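The values are calculated or read from the model by the stated rules, or taken from the named source; none is laboratory data. The shown structure was predicted, so the numbers you read here are calculated from the model rather than taken from an experiment. Using ideal geometry, Cβ is built from the backbone for each residue, glycine included, and neighbour counts are taken over all protein chains shown.
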Amino acid sequence: MKKALILLAILAIGMPLFAQALTFRFGENYSLKKDEQVVGDMYIAGGNTAVSGKISGDLHIAGGNVFVGDTVEGDVFAIGGTVNVIGNVGKDLRVAGGNVVVSGLIGEDAVIAGGDIKILPQTIISKDAAFAGGKIVIDGFIAGDLKIAGGEVQINDGVSGDVYITADKIIIGDSANIVGDLSYASSRPAIITEGARIGGEITYSEITIRPTAEKFLPTLWGTWIFIKLIMLLVAALLLHSIFKNISVKFVSTTLGSFWRSLLRGFLVLVAMPIAVVLLLMTFIGVPFVILGIATWIILVTLAWAYGAITVGSLVRRLIKKDKLTVVTWKTIFVGIVVVFLLGYVPYVGLPIKTVLMVASLGAIWHVFYEKFVQVR
């Protein structure tokens, strides 16, 4: 029991030490001031989060209200109730939120899901863009192709590539200039104003008219699925970044001794809460109860993510027909998608996901325990 308690303390206190070249900020409110600069990647989570300074790497930010107001040289992953990105983004922009506003220069692609999406004037998206939401208004320029799924869509600026839209109401404004083709599916023809310019062909596919509620629900459901998938992917990539040095060890342990890891995981899943209850019966055990609960939550969260990451590595093994354990953003993406789709498989989907989680939990515990024994 003493060794277990010491290990719990090391896990809860020492986990942040695995991060290298990363900056973490968590709290109810956090703000990076205008004259501040962060070298490397930055991770922020809180009620209200604001970035007014420069970041030389990637930015991962989540909160009730999210604001990005200066240059981020790498990618931006933002999730929040309200998300405002009015600074420049050097590479890709990925956003999921209730209300989303974007302005500035986006160096590469942009993928945005939200209830209300506004791309403000002076915005430039240098490559392709994909939007999903309730109401989408585009007043900025898109240098590549544009794909949209929404309730109401309005385009008022230039698009250098092709445009694909599925929506209930579509308006192509006076200032719109679509160089490529316009292909859209809707219950009614798009409103194309006299001043709008479309260089390519216009293709219209009529969608059967249904009641308003029935038309809105698929858009809402599709948007939520997209947001959920993006959140899972961002979480997995974030965890892999934190535990980059031992991610392969987690996965290889799960795949190399699956049934043993499954047994260990089951014991941790059941035994730790029991140990917490026993400690609660003693006065001296109260601090360890808090520590134990926090550690148990952290381990289970890690296990859910690494269950999907393990699946991605397994798929890579099967395709390449080798036994190498490789963890990259590509394998993570594949694993997240496969496990996400499992959730929609009746009867067997949830049990399979649970087994993967428990096995990963056992592997993670074993790896941490081995490291604990090595440093004793």
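Give region 108-129 a look and list any residue that's touching an Asp or Glu at 6+ places or on another chain (Cβ under 8 Å) and either surrounded by fewer than 24 Cβ atoms within 10 Å (Cβ to Cβ) or among the small types (Gly, Ala, Ser) (or both), or say none.
108, 109, 110, 111, 118, 120, 121, 123, 126, 127, 128, 129
Mind checking which residues of region 95-111 are assigned to a strand (DSSP E or B) and under 18 Å from residue 161 (Cα atoms)?
Scanning region 95-111 gives 105, 106, 110, 111.
Go over the candidates 311, 338, 355 one by one and state the one that is part of a helix (DSSP H, G or I) and over 20 Å from the mean Cα position of the chain (by Cα).
So the residue among 311, 338, 355 that is part of a helix (DSSP H, G or I) and over 20 Å from the mean Cα position of the chain (by Cα) is 355.
Return the residue satisfying two criteria in turn: it lies in region 73-94 and is among the β-branched types (Val, Ile, Thr) and in a strand (DSSP E or B), and of such residues it is nearest to residue 59 (Cα to Cα).
Per the criteria, the residue is 76.
Which residue pairs have Cβ atoms closer than 6 Å, lie 6 or more positions apart in sequence or on different chains, and pair a first residue in region 294-316 that is charged (D, E, K, R) with a second residue that is crowded, with 20+ Cβ neighbours inside 10 Å and part of a helix (DSSP H, G or I)?
316/331
Can you name the residue in region 320-335 that is within 20 Å of residue 233 (Cβ to Cβ) and hydrophobic (A, V, I, L, M, F, W, C) and, of all such residues, is farthest from the chain's Cα centre (by Cα)?
Among them, the one singled out is 326.
Residue under question is residue 97, and the condition is that it be within 17 Å of residue 120 (Cβ to Cβ), among the small types (Gly, Ala, Ser) and touching a residue at least 12 places away in the same chain (Cβ under 8 Å); does it hold?
Here the answer is yes, as residue 97 does meet what is asked.
Quick one: in region 200-220, which of the residues that are loosely packed, with under 13 Cβ neighbours inside 10 Å and at pLDDT 80 or above is farthest from residue 115 (Cα to Cα)?
Out of the qualifying residues, it is 201.
Give the residue that is farthest from residue 110 (Cα to Cα), with candidates limited to residues of region 64-91 that are free of Cβ contacts under 8 Å to residues at least 60 places away in the same chain and within 13 Å of the chain's Cα centre (by Cα).
80
For region 351-376, which residues satisfy the criterion of being without any contact (Cβ under 8 Å) to a residue 24 or more places away in the chain and either in contact with a helix residue (DSSP H, G or I) (Cβ under 6 Å, 6 or more places away or on another chain) or loosely packed, with under 13 Cβ neighbours inside 10 Å (or both)?
Hits for region 351-376 are 351, 352, 370, 373, 374, 375, 376.
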